[in-house]
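Just below is one structure, and these are the notes that go with it.
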Amino acid sequence: MKSPPLKVVHHLDEDTKTRALRGSRKMSEYLHHLANEPSIGLYHVCDHIIRNVPRSVETKKILKTSNKSVEDLNYDMDFTIRTVRNLHDLDTFTNLKQLITESTKTLENIRLKIPPSTPEPAPILSPTPIEPEATKETSEDSFGSEPDLNNLTTGAQQTKKPAAGKAKKQPPSKKKDGELAFKSF
């Protein structure tokens with residue numbers, strides 16, 4: 001004959017019994033509330049919305065503004081790239097190079113006092129009347145002051161005398177050997 005299996009009996013101390021009893025009661029109450037009150041679930045949904053939706057809205061605003069600025073920058077970059085590509089087709093830069101070399105040569109000629117290759121055109125209007133003997137002398141302040149707009153005359157009207165107290169404005173005089181005398185700055 002077989003003997004019956006031995007039953008193991010666990011004896012819990014009083015502290016463990018009270019904790020287990022308290023935990024099971026809380027769990028029962030919680031399950032009772034979940035089963036019997038649907039408003040608690042809605043309360044949790046509402047609490048979640050109140051906590052998380054404002055952050056989501058703020059993040060959406062930040063994304064919209066940054067997206068707009070990125071689109072603007074992208075448009076600017078595309079426009080700049082097209083402009084730079086179109087610059088390669090322009091002859092202006094070669095013309096600028098030629099103008100720079102010509103202006104450098106002209107500056108060297110002026111510094112060496114070599115007359116320019118093209119003659120200087122005669123002025124159509126002169127700011128003040130010029131006397132014939134005044135063209136032989138070069139004044140120090142002949143180009144430094146502003147013209148008197150009330151006394152503009154043509155070449156045919158240059159017989160008037162300038163007003164007293166005003167300096168005569170004179171063009172550069174010609175030297176003996178055909179060179180122009182330039183005022184040095």
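Here are the numbers:
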{"read-out": "Scaled radius of gyration (Cα, divided by 2.2 N^0.38 Å) that the range 16-71 gives", "value": "2.09"}
{"read-out": "Furthest towards positive pole of dipole, Leu63, Tyr30, Ala20, structure part the range 16-71, Cβ charges", "value": "Ala20"}
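Read the figures in this text as sums done on the coordinates, not as results from a lab. These figures come from a predicted structure and were not determined experimentally. All Cβ positions, glycine included, derive from the backbone under ideal geometry; neighbour counts span all protein chains shown.
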